[in-house]
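Note sheet for the following structure.
Where a number appears in this text, it was derived from the coordinates with a stated rule and is not lab data. Remember, predicted model here, so these are calculated numbers, not experimental data. Here the Cβ is made from the backbone with ideal geometry for all residues, glycine too, and neighbour counts use every protein chain on show.
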């Protein structure tokens, strides 16, 4: 009877802090989601306006992605050494600094400063994604995916509000003597800075440090041998394929629609539905992964992405409804892949090396997104949008064999 007590008393030190951690992370994610979406909404337009050309406007997104990848490593290393609180706060502060740099570049009319600032601004995007790992640090094994999902879905609230505040922040910018298109970066800077402040003040105790302190000594250095061998590569591949396929199809869908006479309102509606599908299903996705395991959820991700590619490739040019359906499936498939891959990573890595590994994994995810975005234009230009969409859907099937490698480890 005595050996039952430690197993049951190991949870209370983590249960109450976990509730607090999730509340604080949700608050920070709502703000960071607004900051992320506000900048993305007008970034390329601001570059085009300053450069007087569209030829280099796409470079802005690429620089932001590279900055995001490097920031993922930095946030992971800081978190590994000092905890989630300083790591995430530093990432959001960097995003705020990047926002301020974009505003300064717009006022000065300096494209070089704009590109440098967008590189730094990418740290906010990386940190927004890294926060999902913090939600799972103290979660019970049977609830880790749901904890990740709770943090992810909070991003939706800010992500919806950010673009809708583009016009009011633009008007505010004009009253301050700042170019109209730089206005959303006023919101982004304030949102990222406030998110950092919330984490510094209220993310206590630090979830990663408490996880290490309350994990049995044998666990940090001895994760399950099967998890050590296959968990990290498998979880990474699931997220990489989901990200690559999602970005490739998403990037070219508005371009394809515009080429067939659809206006900005139609493509904007389709993208809004896509973003909602990326985050809103998270609670159900988390429950699915916790209840049935990563193999089923990963297979569902692959099938949803395949269905998205098929619908997008075969949709009549005039059908906004079918493009919306395709991108809703695309968002759902990405969500399933991200939550599944994150759950596999969290289960496979001990608290002692968790944050550093998670940072490196997110670098691979960011690179996959950049690759998908850059390759999509070339494929669409040479082979056509239907081939791009269908090829992406077929490529997503690679998720299934990737996750099967973890089968014996669960």
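Here is how the numbers come out for the structure above:
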| read-out | value |
| --- | --- |
| Rh (Kirkwood; distinct C-alpha pairs) - segment 222-409, Å | 16.6 |
| Centre separation in Å (Cα based) which lies between segment 125-189 and segment 259-293 | 16 |
| Peptides ranked, highest mean first, by Cβ atoms within 10 Å: ranges 76-89, 98-111, 179-192 | 179-192, 76-89, 98-111 |
| Label-point gap, in nm, between residue 291 and residue 112 - each point 7 angstrom along Cα→Cβ | 5.8 |
| Angle between the chain longest axis and helix 111-134 axis [Cα atoms, degrees, rounded to 10] | 30 |
| Kirkwood Rh in Å, taken over the chain so that all alpha-carbon pairs contribute | 21.4 |
| Modelled label reach - residue 49, point 7 Å along Cα→Cβ, segment 103-129 residues with backbone N closer than 11 Å | 106-107 |
| 37 °C / 0.692 mPa s Stokes-Einstein diffusion coefficient of segment 262-320, Kirkwood radius on C-alpha pairs, µm²/s | 246 |
| The chain: most fluctuating residue of 19, 146, 295 per GNM, C-alpha cutoff 10 Å | 19 |
| FRET efficiency estimate (nearest 0.05) - Cβ-Cβ, residue 82 to residue 272, R0 35 angstrom | 0.40 |
| Residue 322/residue 73 FRET efficiency (R0 41 Å; Cβ-Cβ; nearest 0.05) | 0.55 |
| Label-reachable residues, segment 118-156, where backbone N falls under 12 Å from a point 7 Å from residue 16's Cα toward its Cβ | none |
| Virtual spin-label span in nm between residue 382 and residue 284, 7 Å along Cα→Cβ | 3.9 |
| FRET efficiency for residue 255 and residue 400, using Cβ-Cβ distance with R0 set to 35 Å, rounded to 0.05 | 0.75 |
| Where labels lie 7 Å past Cα in the beta-carbon direction, separation of residue 143 and residue 167 in nm | 4.3 |
| Protection proxy ranking, peptides 207-213, 361-367, average beta carbon neighbours within 10 Å, highest first | 361-367, 207-213 |
| Whole-number Å³ per residue for the convex hull built on Cα positions in segment 2-214 | 103 |
| Between helix 166-175 and the chain: long-axis angle, C-alpha atoms, 0 to 90°, nearest 10 | 70 |
